[in-house]
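Take a look at the structure set out below.
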Amino acid sequence: MIIHVTGRDGSEHSLEGIAGWRLMEVIRDHQLPIKAECGGACACATCHVYVDDKWFGKLYPPTQEEIDQMDHAFEVRDNSRLSCQIILNDSLDGLHVTLAPGSEP
C-alpha cells in the first residue's frame with residue numbers, strides 16, 4: 001500500500017505502508033521528521049497529522065483517549081488525528097496526510 005505524506009515544508013512523499021502498522025511507524029521508519037515521543041502509546045500528541053478530507057471519514061473514529069490527547073497538540077483542526085492511532089489496512093491504500101506543527105523533532 002502507498003501512503004502519501006505532505007511535509008510541513010510542502011514536500012510530497014509516497015511511502016510504502018504495511019497493513020497492521022501504525023501510520024506513525026511508517027512515517028518515522030521512512031525518516032520523515034516526526035517526533036512521536038511516546039512511540040505510539042497515545043500519550044504525547046507529537047505525531048499529530050491532518051488527514052485529507054477525502055480520507056478522514058474512512059478512518060475509525062478516535063477513542064476518548066486520543067481526543068483527550070489532542071488538547072496537547074498544536075493547531076488542532078477538524079481533520080486532526082494522532083498518527084499512532086491510525087492502524088493501516090488495505091482500505092487505506094492511497095491515504096494522504098500532512099504533518100502538523102508541533103510534530104517536528
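The values are calculated or read from the model by the stated rules, or taken from the named source; none is laboratory data. As the structure is a prediction and not an experimental result, all values here were calculated from the model. Note: ideal-geometry Cβ built from the backbone for every residue, glycine included; neighbour counts use all protein chains shown.
What are the pairs, 6+ residues apart or on separate chains, where a residue within region 11-37 that is over 14 Å from V49 (Cα atoms) and at pLDDT 95 or above has its Cβ under 8 Å from a residue that is of a type in the set (D, E, K, R) and not in a strand (DSSP E or B)?
Taking only residues 6 or more apart or on different chains, the pairs are G17/D93; A19/D90.
For region 54-98, how many residues meet the condition of being closer than 18 Å to V5 by Cβ, of a type in the set (A, V, I, L, M) and either touching a His at 6+ places or on another chain (Cβ under 8 Å) or free of Cβ contacts under 8 Å to residues at least 24 places away in the same chain (or both)?
Number satisfying all stated conditions: 4.
Which of the following residues is part of a strand (DSSP E or B), exposed (fewer than 13 other Cβ atoms within 10 Å of the Cβ) and not aliphatic (A, V, I, L, M): S91, S14?
None of the others qualify; the one that does is S14.
Mind listing whichever residues of region 64-76 are within 10 Å of H48 (Cβ to Cβ) and charged (D, E, K, R)?
E75 - this is the single residue of region 64-76 that is within 10 Å of H48 (Cβ to Cβ) and charged (D, E, K, R).
When the residues of region 47-80 are filtered to those that are in contact with a helix residue (DSSP H, G or I) (Cβ under 8 Å, 6 or more places away or on another chain) and in a strand (DSSP E or B), which remaining residue is farthest from S91 (Cα to Cα)?
H48
Yes or no, residue by residue, for (1) farther than 20 Å from D9 by Cβ; (2) surrounded by 13 or more Cβ atoms within 10 Å (Cβ to Cβ); (3) touching a strand residue (DSSP E or B) at 6+ places or on another chain (Cβ under 8 Å):
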{"site": "A41", "(1), (2), (3)": "yes, no, no"}
{"site": "W55", "(1), (2), (3)": "yes, yes, yes"}
{"site": "P61", "(1), (2), (3)": "yes, no, no"}
{"site": "Q64", "(1), (2), (3)": "yes, no, no"}
{"site": "D71", "(1), (2), (3)": "yes, no, no"}
{"site": "N79", "(1), (2), (3)": "no, yes, yes"}
{"site": "I87", "(1), (2), (3)": "yes, yes, yes"}
